[in-house]
Amino acid sequence: MSQKFDQLKQQIQNVDKDKVGQLVNEVKQAHSDGKIDKNERDELINTAKQSFSGIDLGGLGGFGKK
């Protein structure tokens, strides 16, 4: 697993509800930039979904369909 993946996963596990949107954008950008791969992105998405199941994650639910 990449260092960026580890960093993002730690952030997801510790983020408060007010900052989740910003973190979702970081995950999307890290994947677009090639810093994390599809499997890492999907794991981060699943972690975020579990952590914030009652919050609208800005389209994160459909994020893995690309």
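Within region 27-50, track down each residue that is acidic (Asp, Glu), within 11 Å of the chain's Cα centre (by Cα) and surrounded by fewer than 19 Cβ atoms within 10 Å (Cβ to Cβ).
Taking region 27-50 and keeping what is acidic (Asp, Glu), we get 33, 37, 40, 42-43.
Among the residues that remain, those that are also within 11 Å of the chain's Cα centre (by Cα) are: 40, 42-43.
Once the filter is applied, which keeps residues that are acidic (Asp, Glu), within 11 Å of the chain's Cα centre (by Cα) and surrounded by fewer than 19 Cβ atoms within 10 Å (Cβ to Cβ), region 27-50 yields 42, 43.
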Among all residue pairs at least 6 apart or on different chains, which show Cβ distances below 6 Å where the first residue, located in region 11-26, is touching a residue at least 24 places away in the same chain (Cβ under 8 Å) and the second is hydroxyl-bearing (Ser, Thr, Tyr) and in a helix (DSSP H, G or I)? 12/47
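Considering only residues that are in a helix (DSSP H, G or I) and in contact with a Ser or Thr (Cβ under 9 Å, 6 or more places away or on another chain), which ones fall in region 15-29? Explain how you work it out, then say what you get.
Looking only at region 15-29, we keep the residues that are in a helix (DSSP H, G or I), and these are 17-29.
Selection gives 20 alone.
A quick yes/no check of all residues on (1) of a type in the set (D, E, K, R); (2) at pLDDT 90 or above; (3) in a helix (DSSP H, G or I):
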| residue | (1), (2), (3) |
| --- | --- |
| 1 | no, no, no |
| 6 | yes, yes, yes |
| 9 | yes, no, yes |
| 13 | no, no, yes |
| 40 | yes, yes, yes |
| 43 | yes, yes, yes |
| 49 | yes, no, yes |
| 57 | no, no, no |
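The values are calculated or read from the model by the stated rules, or taken from the named source; none is laboratory data. Since this is a predicted model, take the numbers as computed values, not measurements. For neighbour counting, all protein chains shown are included, and Cβ atoms are generated from backbone atoms with ideal geometry for every residue, glycine included.
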